[in-house]
């Protein structure tokens, strides 16, 4: 199984080489020669969809650094360009090589803070928005970028600026609250940001479900205690499903999910950066316990738009002003329009998206999604939606462990029997879907982990065990039917 995977990976890299060499050349102009920041060109995945628990992040810093990116007038030219005007902590203590490396990353970050490639002009009104992106280094290490863009304090027309926090941990809600505190201090003085961020940097990142309290002094208000609580379900802490289900009907979400499960090329179009980042991370999270293994860029800067020509699977977020640059790429592409007032949500499609998932499974998914309440909290909504799609994978491929042959010792690596697994899929109506799904890289990587680590138990394994126990109970009572989680 691993040999087939290696051959497929080699073929993928060869196909991508010409595209990414072009992109790297463009990025070199801005941030040095490296894998495009925000691009996963190998077997990487968005942190929101990782199967591993992030509890090992406890004890790490909340963040690596905070930067303010301002739009400054170009020298000798019309228009503005993004430049870093503030950074915490300072780079004075870094060695020369480390400073040079960080300089490259910082230059690339400016592209993601203002990715649209439009000619900015001074404004008197601007609605702030918060979004995120992923930085993937050439060694495969990953950092998350959290960004809030707003109009700076002042009078008269002025261009917007962006606050950007770079962190190794993925927890969008937590960093949104941190931005609220940064913004509140920025309105008084830039100098007030430093002590707050210093206190935050000294605090350990909490374990799932735990709270850390930060003391911060504000003139005229005194000392404040800021509580930052990490969600219990750490694999969902970077996700908010509300935007996805506000933009798309349930049936449309299922079609996007189906195309994603089969690892197709998908582009999301939206006016707002916050919509793009929230939707694309939510779609990736629907795959749990599987992980998207291909190119993933929640917000594509204009300088990297050539990535849409890649022949291999990707999930991309593109702002509406660049729609004309992607719409004529090819026919084997799903383009989803998330913009307000869009008459058609699917600009281009293959046409089989509504038939990939068997009808009975579609019906069960829609039924499971229908129990959510309009006034649900983000946590309640995340639970209902994640459980619906988790149940889908439990019922379709949850019998995987029975088809891994092991040697004399249970601790030895096993070998997955794909043929017997597909043949054992019940009911038979699901087999066509399963036969296609087992050929994806996300399933292949998942099974490689199962083969290597036979005793690893996780949330998905627990749900599979519960499902199997309920099936046995139903059989023992003489009944048979679909068993819920």
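Results, tabulated for the structure shown:
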{"quantity": "Some residue of segment 297-304 being touching a residue at least 24 places away in the same chain (Cβ under 8 Å), more than 23 Å from residue 446 (Cβ to Cβ) and surrounded by fewer than 19 Cβ atoms within 10 Å (Cβ to Cβ)", "calculated": "yes"}
{"quantity": "Where a residue in segment 103-130 is under 16 Å from residue 67 (Cα atoms) and outside the structural domain of residue 80 (by TED's automatic domain parsing) and its partner, wherever it lies, is modelled with pLDDT of 90 or more and surrounded by 15 or more Cβ atoms within 10 Å (Cβ to Cβ), with Cβ under 6 Å and at least six apart", "calculated": "none"}
{"quantity": "Every pair of residues 6+ apart whose Cβ atoms lie under 7 Å, when the first sits in segment 65-78 and is part of a loop (DSSP other than H, G, I, E, B) while the second is surrounded by 12 or more Cβ atoms within 10 Å (Cβ to Cβ)", "calculated": "74/80; 74/81"}
{"quantity": "Residues located in segment 75-107, provided they are more than 18 Å from residue 197 (Cα to Cα) and modelled with pLDDT of 85 or more", "calculated": "80, 81, 82, 83"}
{"quantity": "Positions within segment 368-392 being free of Cβ contacts under 8 Å to residues at least 12 places away in the same chain and surrounded by 12 or more Cβ atoms within 10 Å (Cβ to Cβ), in sequence order", "calculated": "376, 380"}
{"quantity": "Hey, residue 348 surrounded by fewer than 15 Cβ atoms within 10 Å (Cβ to Cβ) and either over 22 Å from the mean Cα position of the chain (by Cα) or at pLDDT 95 or above (or both) or not", "calculated": "no"}
{"quantity": "Residue match in segment 180-190 (condition: out of contact with any helix residue (DSSP H, G or I) (no Cβ under 7 Å at 6 or more places or on another chain), surrounded by fewer than 18 Cβ atoms within 10 Å (Cβ to Cβ) and touching a residue at least 60 places away in the same chain (Cβ under 8 Å))", "calculated": "yes"}
{"quantity": "Residue within segment 112-123 that is modelled with pLDDT under 90 and within 23 Å of residue 243 (Cα to Cα) present", "calculated": "yes"}
{"quantity": "Those strands (runs of 3 or more DSSP E) lying entirely in segment 203-278 with at least 3 residues modelled with pLDDT of 95 or more", "calculated": "265-270"}
{"quantity": "Evaluation of residue 325 against (1) touching a helix residue (DSSP H, G or I) at 6+ places or on another chain (Cβ under 7 Å); (2) touching a residue at least 40 places away in the same chain (Cβ under 8 Å) (one fails), failing number", "calculated": "(2)"}
{"quantity": "Complete set of residues in segment 212-246 that are touching a strand residue (DSSP E or B) at 6+ places or on another chain (Cβ under 8 Å) and buried (at least 21 other Cβ atoms within 10 Å of the Cβ)", "calculated": "228, 230, 238"}
{"quantity": "Residues satisfying the stated conditions in segment 400-421, i.e. buried (at least 18 other Cβ atoms within 10 Å of the Cβ) and free of Cβ contacts under 8 Å to residues at least 40 places away in the same chain", "calculated": "403, 421"}
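To keep it simple, each residue is scored yes or no on (1) over 23 Å from residue 436 (Cα atoms); (2) touching a helix residue (DSSP H, G or I) at 6+ places or on another chain (Cβ under 9 Å); (3) not assigned by TED's automatic domain parsing to the domain that holds residue 376.
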site	(1), (2), (3)
197	yes, yes, yes
202	yes, no, yes
244	yes, yes, yes
265	no, yes, yes
275	yes, yes, yes
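The values are calculated or read from the model by the stated rules, or taken from the named source; none is laboratory data. Just so you know, these numbers come straight off a predicted model, no measurement behind them. FYI the Cβ positions are ideal-geometry reconstructions off the backbone, even for glycines, and counts take in every protein chain you see.
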